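Novice: Take this structure, written in structure tokens, and hold onto it; I'll ask about it next.
The values are calculated or read from the model by the stated rules, or taken from the named source; none is laboratory data. In this text, all values refer to a predicted model and were calculated from it rather than measured experimentally. Using ideal geometry, Cβ is built from the backbone for each residue, glycine included, and neighbour counts are taken over all protein chains shown. The accessibility values were calculated without ligands, DNA or RNA, using every heavy atom of the protein model including side chains. Shrake-Rupley method; radii C 1.70, N 1.55, O 1.52, S 1.80 Å.
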Amino acid sequence: MKCHHCDNQSTVHLTQILNGQMHKMDLCEGCAQAKGVTNPENLSISNLMDKVELEVDSNAASMVCESCGTTHQEFKKGGRLGCEACYHVFRPVLDPLLDGMHAGTKHLGKVPAGSESRIQFEQSIHSLKKDLQDAVEKEDYEKAAELRDKLRDLENQTKATA
Amino acid sequence: MFHSILNKESGGKKQPKAIPVTLSTRIRLARNLRQFPFPGRAEVSQKRAVLSKCIDAMSGIKGLNNSISVEVDDLSELDRQILVEQHLISPELSQVEEGSGIVLTQDRACCIMINEEDHLRIQVLRPGLDFSSVWKHADELDSGIESAINYAYDGELGFLTACPTNLGTGMRASVMMHLPGLVMSKNMDKVINAVNQLGIAVRGLFGEGSDANGSIFQISNQQTLGESESAIIERLNSTLESLVKQENFAREKLLQDDRTRLIDKMSRAIGSLKTCHLIQSAEAMDLLSLVRLATDFGMMPEKFRGLADRMFIEVQPGHVQLSAGKAIDPSRRDELRAELLRNHFLRAPLLDLSSH
Ligand SMILES: [Zn+2]
Ligand SMILES: [Zn+2]
């Protein structure tokens, strides 16, 4: 990587979060000396704000998928995502990439009907169970009985098709 | 058991006849399971769980009841090399340590890679050019597997894959093409550039770029998102049609403008194949390419096209060792390869120039 200030190879890499935004700067030894950042105690990008133009890299650099641990750096380097949750986490940096990569950005192909309906089913069971629990906690037994019937119907439905 | 499938001569009764220019058609679908990290990010235990889930899901499927499944690390080095040379698995999969597998049908028309870059890479192959039957077959297999497994899927982005370049349909449709006319007339770089503009990728199947050994290229769609499978196939198909036209035009032009040189090359190729005693695979591929070309011109009997296709695979280093029954060093390999070719071309006739 080149120095932010001249064309030399950078050896000093600064990272700091200011107002929730990641600021990065790469400097060569000489420029780092000149800007007085070689002293770690003095190492503050905000001190340099007026001297060096800063590269603002939005929030992308700090992105990390909590599900699998993939970082934005890793994605940038290897071009691979680690899990399905990565597609939510990295969506903001992914979208502009997809635009140039593909014929469009919306899936127009096959729909996995089985997976879709099974997932929907799991989700409705899950939310019914949650509602049931709420109803019981609130001692709304009429509602609870109604929800219990619905749940039983749904569960019987899968047994019948399984 | 597995070894015997690989060793078997490809074929069976229903094998379609080899045709000019297009060697084979392939469709590959990339799929991942919900709630498991992609293989590149997974622990061995997670990969094992995915592997057994996938194999279970495939056990009841009609199209796979004549198949066997193996774990990659149970295969010998040579078997893995054979699978790579037959284009059934990727070189990447052949190198994995643990937790990856292969499901292969007896006729080698389907090969499913488990825990390659994605959890599943469903592949269907067929000689000649036939996207509609290959797609139908791949689609059925995919639906069959999906009836027992929840795929990682997003309504907007489609099938979620480790690499965003496979997103959407997860489909890579490709054909293997024999393009000696375009190579000899030095038009291949131009063609590659033009085709790239249409979102179609071209790469040498053996060797690199436009100097592919045997003038064999793989042509495939680059984009997977934003179009339906049939639209992708249609676009690829129309590009292929025009490639076939250009190749045939280049061949005719070579025969007109540089007839003696071309005939000399093809004729010497047959001579070399009948008489060689030491030959490397790259040279063998180029000679076989000229035999295929001569057959397309009607200067050799039809059966030599199929023979050339078979030999393209059998002259590869792994296959030479497979037929020797053991690992052998490269110089001895060149000797055995030459012997194999001599035996097959022993009775090959001289070029028939009566119709040209
Ligand atoms: Zn500098
Ligand atoms: Zn992730």
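Novice: If packing is taken as the average count of other Cβ atoms within 10 Å, what order do B:188-198, B:104-114, B:294-304 fall into, highest mean first?
Specialist: B:104-114, B:294-304, B:188-198
Novice: Here is a further query. For the protein assembly as shown, which whole-number percentage of the solvent-accessible area (1.4 Å probe, protein heavy atoms only) is attributable to carbon and sulfur atoms?
Specialist: 49 percent
Novice: If each of A:Val93 and B:Lys303 carries a label point 7 Å out from its Cα toward its Cβ, how far apart are those two points in nm?
Specialist: Using points 7 Å along Cα→Cβ, the separation is 6.1 nm.
Novice: Give, as a single signed number, the net charge of other residues whose beta carbon lies under 11 Å from the beta carbon of A:Asn8, with Lys and Arg counted +1 and Asp and Glu -1.
Specialist: Numbers: positive: A:Lys2; negative: A:Asp7, A:Asp26, A:Glu29.
Spelling it out: positives minus negatives among the neighbours equals -2.
Novice: Moving on to the next point. Just B:Asp286, B:Asp264, B:Asp73 to compare: in a GNM of chain B, with alpha carbon springs under 10 Å, which one fluctuates most?
Specialist: Of B:Asp286, B:Asp264, B:Asp73, the Gaussian network model singles out B:Asp264 as fluctuating most.
Novice: Return the value, in Å² to the nearest 100, of accessible area buried between chains A and B (probe 1.4 Å, both sides summed).
Specialist: Adding both sides of the contact gives about 3100 Å².
Novice: Counting only the backbone N, which residues of the range B:289-319 are under 19 Å from the spot 7 Å out from the Cα of B:Asp258 toward its beta-carbon?
Specialist: Within reach of a label on B:Asp258: B:289-297.
Novice: What translational diffusion coefficient, in µm²/s and rounded to a whole number, does the Stokes-Einstein relation yield for chain B at 4 °C and a viscosity of 1.567 mPa s, taking the hydrodynamic radius as the Kirkwood radius over Cα pairs?
Specialist: 60 µm²/s
Novice: Once fully extended, how much extra length lies between B:Val70 and B:Ser4, figured as 0.36 nm per residue of separation less the alpha-carbon to alpha-carbon distance?
Specialist: Result for the pair: 22.4 nm of gain on full extension.
Novice: Compute the accessible area of each residue in the range A:107-130 twice, once for its chain alone and once with every protein chain present, using a 1.4 Å probe on heavy atoms, and list those whose area falls by at least 40 Å².
Specialist: Correct list: A:His107, A:Leu108, A:Lys110, A:Pro112, A:Ser115, A:Arg118, A:Ile119.
Novice: Can you run the Rg to Rh ratio on the protein assembly as shown? Use alpha carbon positions and the Kirkwood inverse-distance Rh. List each step's numbers first, then the result.
Specialist: Working: Rg = 28.7 Å, Rh = 26.8 Å.
Looking at the protein assembly as shown, the ratio lands at 1.07.
Novice: Label points 7 Å out from Cα along the Cβ direction at B:Ser133 and B:Leu346: separation in nm?
Specialist: Result: 3.3 nm between the two label points.
Novice: Right, something else. Add +1 for every Lys or Arg and -1 for every Asp or Glu among the other residues with Cβ under 15 Å from the Cβ of A:Lys106, and state the total.
Specialist: Local net charge: -4.
Novice: When Cβ neighbours within 10 Å are restricted to other protein chains, what is their mean count per residue of peptide B:168-174?
Specialist: Mean shielding count: 3.
Novice: Where in the range B:97-162 are there GluC sites (Glu not before Pro) that are in a DSSP coil and have at most 16 other Cβ atoms within 10 angstrom of their Cβ?
Specialist: B:Glu97, B:Glu98, B:Glu156
Novice: Another question, if that's okay. Taking 0.36 nm per residue of separation and subtracting the Cα-Cα distance, what length does fully extending B:Gln280 through B:Ala201 add?
Specialist: Here the segment from B:Gln280 to B:Ala201 would lengthen by 25.6 nm.
Novice: What is the gain in length, in nm to one decimal, between B:Arg268 and B:Lys190 on full extension, counting 0.36 nm per residue of separation less the C-alpha to C-alpha distance?
Specialist: Here the answer is 25.2 nm.
Novice: Kindly state, to the nearest 0.05, the FRET efficiency for B:Glu140 paired with A:Lys2, given R0 = 35 Å and r defined as their beta-carbon distance.
Specialist: 0.05
Novice: Taking only protein heavy atoms into account and a 1.4 Å probe, give the accessible area per residue of the protein assembly as shown in Å². Could you put the intermediate results ahead of the total?
Specialist: Details: 25650 Å² over 518 residues.
The answer is 50 Å² per residue.
Novice: Next up: Computed FRET efficiency, Cβ-Cβ of A:Lys77 and B:Glu98, R0 30 Å: what is it to the nearest 0.05?
Specialist: On the way: r = 24 Å, r/R0 = 0.81.
My answer for the efficiency is 0.80.
Novice: In the range B:114-186, what trypsin sites (Lys or Arg not before Pro) fall in a loop by DSSP, with at most 11 other Cβ atoms inside 10 Å?
Specialist: Filter output for the range B:114-186: B:Lys186.
Novice: Sticking with this one: Rounded to two decimals, what is the ratio between the C-alpha radius of gyration of the range B:187-237 and 2.2 N^0.38 Å?
Specialist: Its radius of gyration relative to the 2.2 N^0.38 Å reference: 1.22.
Novice: Kindly state, to the nearest 0.05, the FRET efficiency for A:Asp149 paired with A:Glu116, given R0 = 25 Å and r defined as their beta-carbon distance.
Specialist: With R0 = 25 Å, the Cβ-Cβ based efficiency is 0.45.
Novice: What nm value, rounded to one decimal, do you get for the distance between A:Lys130 and B:Lys62 when each label is placed 7 Å out toward the C-beta?
Specialist: Those two pseudo-labels are separated by 4.0 nm.
Novice: Just flag the trypsin sites (Lys or Arg not before Pro) in the range B:9-93 sitting in loop per DSSP whose Cβ has no more than 13 other Cβ atoms within 10 Å.
Specialist: B:Lys13, B:Lys14, B:Lys17
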